[in-house]
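Contents: one structure, followed by commentary.
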Amino acid sequence: MVVMDASSGGARRCLVSVHAHPDDESSKGPATVARYAAAGVRCVLVCCTGGEEGDILNPAMDRPDIRENLPAVRREELAKAAAIIGYSEVVWLGYRDSGMAGSDANDNPACFARADLADARGRLVAVLRRERPQVVITYADDQEGYPHPDHLRVHEVTMAAYEASGDPKAYAEAGPAWRPSKLYYSAWSRARARALHQRFVDLGEPSPFADEWLKRPDLDDRVTTRVLVPNGEEVRRQALLAHATQIDPESPYWFGAPPELFVDLTEDFILAHSDVATDLPEEDLFSGL
């Protein structure tokens with residue numbers, strides 16, 4: 001099924017989501033993307049790095065053969081997760097993982113944090129012009145809670161590409177100009193973390209949401225859009241489990257509560273730019289289109 005967009009003359013709807021590493025797509029808005037993919041929206045994932053610096057967090061996968069081939073393994077894991085979520089295509093932007101702030105990996109000239117902005121912007125512009133999405137999702141301008149160099153760079157590059165994509169004088173070799181109608185930031189919600197914490201308490205189970213999680217900086221006051229994704233928790237769980245090197249299946253944080261507690265799951269977004277009129281708060285990323 002193809003969802004037609006009346007505001008663009010019947011063109012198919014498309015969503016592009018930009019992430020830093022393999023597994024980010026499974027922890028930030030996967031159920032929302034799955035909802036739109038199931039409705040016929042073309043969903044394209046842009047992964048900016050190969051995740052080469054990721055730790056092996058699942059003891060069962062901490063083996064020499066995995067460590068020696070981690071970049072290839074992470075690509076395979078992302079392919080599985082993307083299929084579970086419903087992405088139509090995965091685009092690798094082609095940069096190396098920069099590692100955590102202050103690590104030696106930050107100095108690698110091939111890493112994303114050291115990428116030439118004009119080059120990185122041009123690569124993403126080419127994707128946006130080819131796919132012609134109405135909606136783009138990226139990371140927020142305020143990332144105090146998790147200031148990973150690659151996450152900061154994702155925001156910077158996406159914002160620059162979003163503006164340049166609609167400028168016919170910029171990157172002419174990348175194809176005809178195309179300005180996406182709406183741009184969103186995915187948001188970590190303290191309110192949702194508190195609600196989940198309370199559900200653990202109500203079950204009489206130890207909560208994985210320790211004080212450092214509940215005190216983590218949030219953008220709750222800026223949330224404009226809450227997308228209801230009934231039964232979306234199962235998509236999130238299965239997509240995360242596809243990243244077998246990065247996700248411990250015994251983790252109480254990711255998998256400590258039964259899925260039935262998430263039937264009213266919503267995912268939160270911040271509408272950062274819109275060229276169409278829309279009433280806030282929203283329940284649909286394509287509202288106004």
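Looking across the range 144-187, the residues that are of a type in the set (F, W, Y) and touching a helix residue (DSSP H, G or I) at 6+ places or on another chain (Cβ under 9 Å) come down to Y162, Y171, W178, Y185. Within the range 198-234, being modelled with pLDDT under 80, more than 20 Å from the chain's Cα centre (by Cα) and either part of a strand (DSSP E or B) or not hydrophobic (A, V, I, L, M, F, W, C) (or both) holds for R199, G204, E205, P206, S207, P208, D211, E212, K215. Look at the range 18-41: where a residue is at positive phi and a partner is buried (at least 24 other Cβ atoms within 10 Å of the Cβ) and of a type in the set (S, T, Y), sitting 6+ places away or on another chain with Cβ atoms under 8 Å, you get G29/S17. Scanning the range 79-113 for residues being touching a Phe, Trp or Tyr at 6+ places or on another chain (Cβ under 9 Å) and in a helix (DSSP H, G or I) gives a total of 3. A82 meets all of the listed conditions (1) buried (at least 18 other Cβ atoms within 10 Å of the Cβ); (2) modelled with pLDDT under 95 but one, namely (2).
Of everything in the range 31-69 that is buried (at least 17 other Cβ atoms within 10 Å of the Cβ), among the hydrophobic types (A, V, I, L, M, F, W, C) and in a loop (DSSP other than H, G, I, E, B), the residue that is nearest to the chain's Cα centre (by Cα) is V41.
Evaluation of A195 against the conditions (1) under 20 Å from R226 (Cα atoms); (2) in contact (Cβ under 8 Å) with a residue 24 or more places away in the chain; (3) over 15 Å from the mean Cα position of the chain (by Cα) shows that the sole unmet condition is (2).
With respect to (1) modelled with pLDDT of 95 or more; (2) under 15 Å from the mean Cα position of the chain (by Cα); (3) more than 18 Å from R123 (Cα to Cα); (4) surrounded by 15 or more Cβ atoms within 10 Å (Cβ to Cβ), the lone exception for K28 is condition (1). The residue of the range 252-289 that is modelled with the highest pLDDT, among those that are assigned to a strand (DSSP E or B) and acidic (D, E), is E282. Of all residue pairs spaced 6 or more apart or on separate chains, those with beta-carbon atoms under 8 Å, a first member in the range 201-214 that is surrounded by 13 or more Cβ atoms within 10 Å (Cβ to Cβ) and a second member that is charged (D, E, K, R) and at pLDDT 75 or above are F209/R194; L214/R190; L214/R194.
Pairs linking a residue in the range 159-170 that is over 13 Å from T138 (Cβ atoms) and surrounded by fewer than 17 Cβ atoms within 10 Å (Cβ to Cβ) to a residue that is at pLDDT 95 or above and not polar (S, T, N, Q), with Cβ atoms under 7 Å and 6 or more positions apart or on different chains, are G166/A177; G166/W178; G166/R179; D167/A177; P168/A177. From the set of residues in the range 115-158 that are assigned to a helix (DSSP H, G or I) and of a type in the set (G, A, S), which is surrounded by the most Cβ atoms within 10 Å (Cβ to Cβ)? The extreme case among them is A120.
For the range 178-189, the count of residues that are in a helix (DSSP H, G or I) and either more than 16 Å from the chain's Cα centre (by Cα) or not basic (K, R) (or both) is zero.
The values are calculated or read from the model by the stated rules, or taken from the named source; none is laboratory data. Here the structure is a predicted model, which is why all the values come from computation and not from measurement. Here the Cβ is made from the backbone with ideal geometry for all residues, glycine too, and neighbour counts use every protein chain on show.
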